[in-house]
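Since the structure comes first, as structure tokens, the remarks are kept for the end.
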Amino acid sequence: MRASGEVGQLNTIAVITKDRPEALKRGLNSYIENALLFKHNPDIVVADDSQKGADENQKILTELAQSHNINIFYLGFREKEALIKSLSETSGIDKTIIEFAVLDSQNTQFTPGANRNSLLLELAGTPFLCVDDDSVCNIGVAASYDSASTLLLTRKNLTEILPFKDLKQCSGSVKKGDFDLLGQHRKWLGKTLDECLKESVYSKEENFPSQKDSQVRMTWTGFYGDSGVKHSNYLLSNSSVNRDVLFKDEQTYRENLMSRQVRFSTPSTVLSFGNYTHSMVQAFDNSGLLPPFIPVYRGEDHGFAQLTQICLDDFLNCSLPLVVEHSPIPSRTNSFDDRFEGVKRLDFIIFFRFCISAFKPNVNFSKNDQFRFLGNYLQELGMRNLEGFKDFIQLTSTSYLQFQISKMISMLEAFPDGPPFWKSDIEKIMDILEDRLMSGDSISPHDVKGESGEEKVSFGQTLIYEMGLLIEAWPKIYSTALNLRKTEMRFARKLG
């Protein structure tokens, strides 16, 4: 545990990007302007996974650095390779393990988690705010937000999801203003629970743990605009979704499920030991050990949050009532007929959670030991023969599907007066889940490489093994990066 006040001030904005130069320019410019409005002078670090847009991104970043007279550092493929080489040579860790963490060594073509890991290592010892390239710092709070609301301490997920038929309506649900984004994250990041309680009026759940030396290691904001979710089935069954909006009438219901426009926010500042978050805008107290992100595929933010619960018993998660705009270029919509597609398949992030669900952390272990034992556990799963591994996944998948079915039943019981069009869709979801349960075809992650279901499971198992190697080695990788940083060694290249 670090002493109070030992955390450096948050003054770095990091952006992850890949092949979206127009969005990068628009988004980063908005965050720089917000920072400068409040007299901040942050360093900017851009982690770039671009395969075809790297040169254009660097040109844009150079122009922004010059026009705003601000420091912008670029962490692209060449810079990441130099980081990997130095970390491997200095730590003695196998280079392939660090490559898995930071690059797309498995050629999955989707590595936002690896991009985030490169920032954790490049900025070791430094707190930073990380934003997505297609977000925009058009910042506000929910129209219903009460500025007199108290700090809430809870184990529950208090996020509310409101669907809207279009961006105009969604944006209209937000009270925009000149909010100091860096300042609001600085207010909480790195503080102990005791410090938070001394400085705030608060309301606490009766069973909320009283670990006063726990620290806020991550803060995050909500968003409004594109949900970032390809299929809309989550709106039907998620308990965080506002039913008054969804149940209004069938036309509104259809429009909301097709639009992808939502407001995702909390009613107040919320402190929690819970494992929910969203990665659109997150700040990290990176002055001490945090877990790595799952390098590949979607859901890396959820996987990270779950790993914090396993590996760090003093990790506090703080959600802020602020929201920023999420506006991909071009805009996107869903097909109403595809609303059940997400129920029919298994994502790799759920597959990963199957694998860590049976691991029981030991409160008597040190942090390094917790990482080591979890890493060894995942390696053991990864080394099982394929049939034994499939049996394990099948068992956890069965429990998961049964839980989802019971959740649908509870949803119907909770809203007995829900409209017929919604009830019919919930019943359809139950039918799909029951079919998956009966068929046994519920263990192949659809989003990983492989032609057949068995090939997908096998590749998924390979990724679990590699994740085990990474988690075991991560404390040493991070401490090496921290020591390199203390010698002023920097791999991101200054532009402009």
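Since every read-out is calculated from the coordinates, none of them should be taken as a lab result. Every value quoted in this text rests on a predicted model; they were computed, and no experiment measured them. Every residue, glycine among them, receives a Cβ derived from its backbone with ideal geometry; neighbour counts consider all protein chains shown.
Based on C-alpha pairs under 8 angstrom that are at least 6 apart in sequence, the chain has a relative contact order of 21 percent. Only one residue of PHE179, CYS130, PRO163 has its Cα farthest out toward the positive end of the dipole of the range 127-204, where Lys and Arg carry +1 and Asp and Glu -1 on Cβ, and that residue is PRO163.
Each Lys and Arg adds +1 at its Cβ and each Asp and Glu adds -1 at its Cβ; summed about the Cα centre, the chain shows a dipole of about 860 debye. Which one of LEU469, ASN256, ILE350 has its Cα pushed farthest toward the positive end of the charge dipole of the chain, where Lys and Arg give +1 and Asp and Glu give -1 at the Cβ? Toward the positive end, the furthest listed residue is LEU469. For the range 12-488, the antiparallel share of DSSP beta bridges with both residues in that region comes to about 45%. When the alpha carbon coordinates of the range 382-496 are projected onto the principal axes, the ranges are 64, 41, 26 Å, largest first.
Overall, the ratio between the Cα radius of gyration of the range 86-169 and 2.2 N^0.38 Å, rounded to two decimals, is 1.67. Pairs of C-alpha atoms in the chain farther apart than 42 Å represent 14 percent of all such pairs.
Peptides 409-416, 36-43, 132-139, 283-290 ranked from most to least packed, by the mean per-residue count of other Cβ atoms within 10 Å: 283-290, 132-139, 36-43, 409-416.
The mean sequence separation of alpha-carbon pairs under 8 Å and at least six residues apart, normalised by the residue count of the range 1-159, gives a relative contact order of 33 percent. 3J(HN,Hα) along the range 439-448, derived from phi through the Karplus expression 6.51 cos²θ - 1.76 cosθ + 1.60 where θ = phi - 60°, amounts to 6, x, 8, 9, 10, 9, x, 6, 8, 9 Hz, with x in place of Gly and Pro. Only Lys, Arg, Asp and Glu carry charge here, each on its Cβ (+1 for the first two, -1 for the last two); on that basis the range 335-445 has a dipole of about 560 debye about its Cα centre.
Under the convention that each Lys and Arg Cβ holds +1 and each Asp and Glu Cβ holds -1, the size of the dipole of the range 181-315 around its Cα centre is about 320 debye.
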